[in-house]
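Heads up: the structure comes next, in structure tokens.
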Amino acid sequence: MAIKPVRVSQLNAYIKRVLQSDPLLSSVSVVGEISNLKFHGTGHVYFTLKDENSKINCFLSAENLQHLHFEIADGMEITAEGYIYLYEKGGTYSLNIRDIQISGLGNLSIAFEKLKEKLSKQGLFDEKYKKPIPFFPHKIVIITSESGAAVRDIIKIIKNRNNIVDVLVYPVLVQGPGAAPDIAEAVKQVNLLFPETDTIIAGRGGGSIEELWAFNEEIVARSIFESKIPIISAVGHEIDFTIADFVADKRAETPTAAAQMAVPDINELRHYMLQLKTNLENQVTSCIRCKELKLQSCNIEALVSKFENRINFQINSVNNQYKEMLTLISNMLYNKKNKIDSVKDQLEALNPRNIMDRGYSAIINSEGKIINSVESIGINEKFITIMKDGSIEGIVTKIRKDK
């Protein structure tokens, strides 16, 4: 029996309901290679996901794009998680993506180069934005894992080179899904809570590209760029490069190198100062010898007379200043004495001994505390009455309370 003919829109609406009611198609993960990648002016992203035998249209909303921790590009193999959606007007279906995961060295390298190119064009790597690292810092903050070997190496080297500097460790995650937001927030909090910090060291020890990936995420790069405090990046080993290295004010090949870069060696400074002292003494000695030779060629008597006149003038000047200083000091002492006498009179007026001269006394308990109310003492408790010329000890036998 033939079914009644339906309109195209009715058929597409029915197919859409079927697709949306299928539990498998409402949450599906698909592996494939990105091609025909297009970024729309609205912020949405359209592309094709393909394998060797087939392909499917994909849609990634601007909102979900913001949650990605990497840049996507053509040729990248991904795992896309989402649901199947039918566009009724066009009669076409697509994979509407909620989240994307990438893995493999090749794909991570593509994401790395894509983000590097983007941030470079925006000027985040420009030398004109690099802040100088203070030569002799008073306070250094280390943003890294508190349990890693890197933080121990950094602290050890800093203290060996310079035991004067103050070191603060701000613990963060350095790998995993929550690491990048944690690092970025740490940089912001150090700027907010510890603005007196001279240098920040941000990094971790070595690892695979996946383990170091938190330092390749845009959120970390922008937090480093926006930091008012100079930052040294210290990620991995010498051969490891991250996006954080390009944005930071200074890149250290290793955490150890960052510690050496952050503080000067006090012993080397002492040696350098001794060399300067020796050089200065030699220069002064040479200068004096030169002046002596010139002096020998001058008219000594005229020079002595000139010096005597200048010395006498200076003596008179010093004597006048001495007299002025004596007068000034005498006036100051007189004024201070008047102030002290005034304060002394005020203190004497408040002296409880003077009150006791008029017949008053003070009562304290066994602990030496003033009793100013009958509520503060009980029957059979000891008390001491202090008078102007001594004290009386007693025991409470009766308490009368005013109504």
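Things worth noting here:
- Amide H contacts of Val167 (H built 1.01 Å from N, in plane; Pro and chain starts excluded): Ile140 sit under 5 Å, all sequence-distant by 5 or more or on other chains.
- Short-range pairs are left out: with C-alpha atoms under 8 Å and at least six residues apart, the relative contact order of region 279-388 is 17 percent.
- Shape summary of region 182-327, radius of gyration then Dmax from alpha carbon positions: 29.9, 86 Å.
- Using the Karplus relation 6.51 cos²θ - 1.76 cosθ + 1.60 with θ = phi - 60°, the per-residue 3J(HN,Hα) values for region 156-168 come to 4, 5, 4, 5, 5, 7, 7, 7, 8, 5, 8, 10, 10 Hz, with x marking Gly and Pro.
- GNM result for the chain, Cα springs below 10 Å: residue of Lys291, Lys250, Lys339 fluctuating most strongly: Lys339
- Solvent-accessible surface ranking, highest first, for Arg270, Arg161 at 1.4 angstrom: Arg270, Arg161
- Fraction in percent of alpha-carbon pairs per bin - 10 Å, region 1-44: 19, 24, 38, 13, 6, 0
- On Cα atoms only, tilt of 105-121 relative to the major axis of the chain in degrees: 60 degrees
- Applying both filters, DSSP loop and at most 16 other Cβ atoms within 10 Å, to the GluC sites (Glu not before Pro) of region 295-403 gives Glu367, Glu381.
- Most mobile of Gly178, Gly368, Gly203 in a GNM of the chain (Cα contacts under 10 Å): Gly368
- Normalised by the number of residues in the chain, the average gap of Cα pairs under 8 Å and 6 or more apart makes the relative contact order 9 percent.
- Protein accessible area in the chain, 1.4 Å probe - carbon and sulfur %: 55 percent
- Entry note: region 244-403 has Rg to Rh equal to 1.43, where both radii use alpha-carbon atoms and Rh is the Kirkwood radius.
- Calculated over region 1-159: convex hull of Cα atoms, volume per residue (Å³): 196 Å³
- Extension gain for Gln283 to Lys118 (0.36 nm times residue separation, less C-alpha to C-alpha distance): 53.8 nm.
- Size of the chain as Cα extents on the principal axes (Å, biggest first): 126, 106, 38
- Per DSSP, loop chymotrypsin sites (Phe, Trp or Tyr not before Pro) in region 107-156 with at most 13 further Cβ within 10 Å: Phe135
- Each label was represented as a point 7 Å from its Cα along the Cα-to-Cβ direction; for Ala257 and Gln275 these points are 2.4 nm apart.
- The relative contact order of region 56-123, computed from alpha carbon pairs under 8 Å that lie at least 6 residues apart in sequence, is 38 percent.
- Two-decimal Rg to Rh for region 220-300 - Kirkwood Rh, Cα set: 1.45
- Quarter the surface of the alpha carbon convex hull of region 142-200 and you get the mean projected area, 4.1 square nanometres.
- DSSP finds beta bridges in the chain, and of those with both partners inside it, around 65 percent are antiparallel.
- Between Leu193, Leu115, Leu168, the Gaussian network model of the chain with springs among Cα atoms under 10 angstrom shows the greatest mean-square fluctuation at Leu193.
- Helix-only mean residue ellipticity at 222 nm for the chain, each DSSP H run of n ≥ 4 adding -39500 (n - 2.57), per residue, nearest 500: -14000 deg cm²/dmol
- Distance cut-off 16 Å, percentage of C-alpha pairs in region 341-403 lying past it: 55 percent
- Seen against the Cα atoms of the chain and their longest principal axis, helix 266-296 is set at about 50 degrees.
- For region 311-351, the spherically averaged projection of the C-alpha convex hull amounts to 2.7 nm².
- Cα gyration tensor shape for region 83-155, rounded if a/c is under 1.5, else prolate or oblate: prolate
- Flagged links, alpha-carbon separation over 32 Å, of Lys4/Lys55; Lys339/Lys388; Lys156/Lys250; Lys294/Lys323; Lys50/Lys118: Lys4/Lys55; Lys294/Lys323
- For the chain, the per residue solvent-accessible surface stands at 66 Å², with DNA, RNA and ligands left out and a 1.4 Å probe.
- Loop-resident sites, region 316-370, for chymotrypsin sites (Phe, Trp or Tyr not before Pro), counting at most 15 other Cβ within 10 Å (DSSP): Tyr360
- Close amide H partners of Gly203, meaning residues 5 or more places away or on another chain with modelled amide H under 5 Å apart, are Ile143, Ala234.
The values are calculated or read from the model by the stated rules, or taken from the named source; none is laboratory data. Keep in mind that this is a model prediction, so the values were computed, not measured. Virtual Cβ from ideal backbone geometry, glycine too; neighbours counted across all protein chains shown. Protein only, heavy atoms only, side chains kept; ligands, DNA and RNA dropped before computing areas. Shrake-Rupley method; radii C 1.70, N 1.55, O 1.52, S 1.80 Å.
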